[in-house]
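Worksheet: one structure, shown below.
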Amino acid sequence: MVSKFVKYISFVLLSGLCSCHWDDNMPKPIGYFKISLPEKTYVQFDKQGCPYTFEINKAVNISDKNRNPCWHDLNYTVLHSVIQLTYRPIHNNLDTLLKDAREFAYKHGVKADGIAEKIYIDPDRKVYGILYEIYGNTATNYQFFATDSLRHFIRGTAYVHSQPNLDSTAPVTHFLGDEIRHLMETLQWK
């Protein structure tokens, strides 16, 4: 009886070992480089002649647009990304500015998997706005506007300078979303 049991166990072990192919190569999934995000340390941005102030990350390099001294690119050079800001004064055109901001965000709806609107209201600082979070492989994943509803309107868009691919750019896009939220939370009109 013992010899049958030993033969059976030996047969099972040998069958198991012979059935495995040790030289099978499995393809490895494509990997991405680790992205080192800047620290979240902020300084006050207050440019002479512009009717707003807000906090920006110390890692940002600011460049002004030639068209308007209150239009800025907040360049995150380490992340190869930018938040573009445009300011417009309100002159009985708030409805047009709101419509344009919404249209700019929803232009990405063709490629987007979805768009979420997050309303921002701070009556103490008179800052009202919407953050558009655009899901999917789109050129921009975050856009926003903020206004006091009477005199000031600022709009922003975050861009990552690479092929849209959520798998590889997700840490950067989420970081930019946090930066925009911080900007909106610290925005003050002069």
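FYI, it's all coordinate maths here, none of it is from the lab. Every value quoted in this text rests on a predicted model; they were computed, and no experiment measured them. Cβ placement follows ideal geometry from the backbone for every residue including glycine, while neighbour counts extend to all protein chains displayed.
Here are the numbers:
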item	result
Per-residue ³J(HN,Hα) for segment 78-88, Karplus 6.51 cos²θ - 1.76 cosθ + 1.60, θ = phi - 60°, Hz, x for Gly and Pro	5, 9, 6, 9, 8, 10, 8, 10, 10, 10, 9
Between 0 and 90°, nearest 10: helix 94-106 axis offset from the chain longest Cα axis	20 degrees
Sum of -39500 (n - 2.57) over DSSP H runs of 4+, divided by residues of the chain (222 nm, nearest 500)	-9000 deg cm²/dmol
Structure-derived volume of the Cα convex hull per residue in Å³: which label, when the choices are (i) 206; (ii) 145; (iii) 136	(i)
Mean Cβ neighbour count within 10 Å, used as a protection proxy, ranking 39-50, 105-116, 77-88 highest first	77-88, 105-116, 39-50
Chain lengthening between Leu37 and Glu185 when straightened (0.36 nm per residue, less Cα-Cα)	51.2 nm
Sequence-separation-based contact order of segment 36-161, relative, with Cα cut under 8 Å and 6+ spacing, percent	21 percent
Inter-label distance for Asp95 and Arg67, nm, one decimal - labels placed 7 Å from Cα along Cα-to-Cβ	2.4 nm
Distant-in-sequence amide H partners of Gly136 (H built 1.01 Å from N, under 5 Å)	Asp113
Listed peptides 134-144, 65-75 by packing density, highest first (mean Cβ within 10 Å)	134-144, 65-75
Proximal lysines to Lys118, defined as alpha-carbon separation beneath 18 angstrom and excluding residues fewer than eight positions away on the same chain	Lys99, Lys107, Lys126
Selection from Asn68, Pro51, Ile134 lying farthest towards where the dipole of the chain points positive, charges on Cβ	Ile134
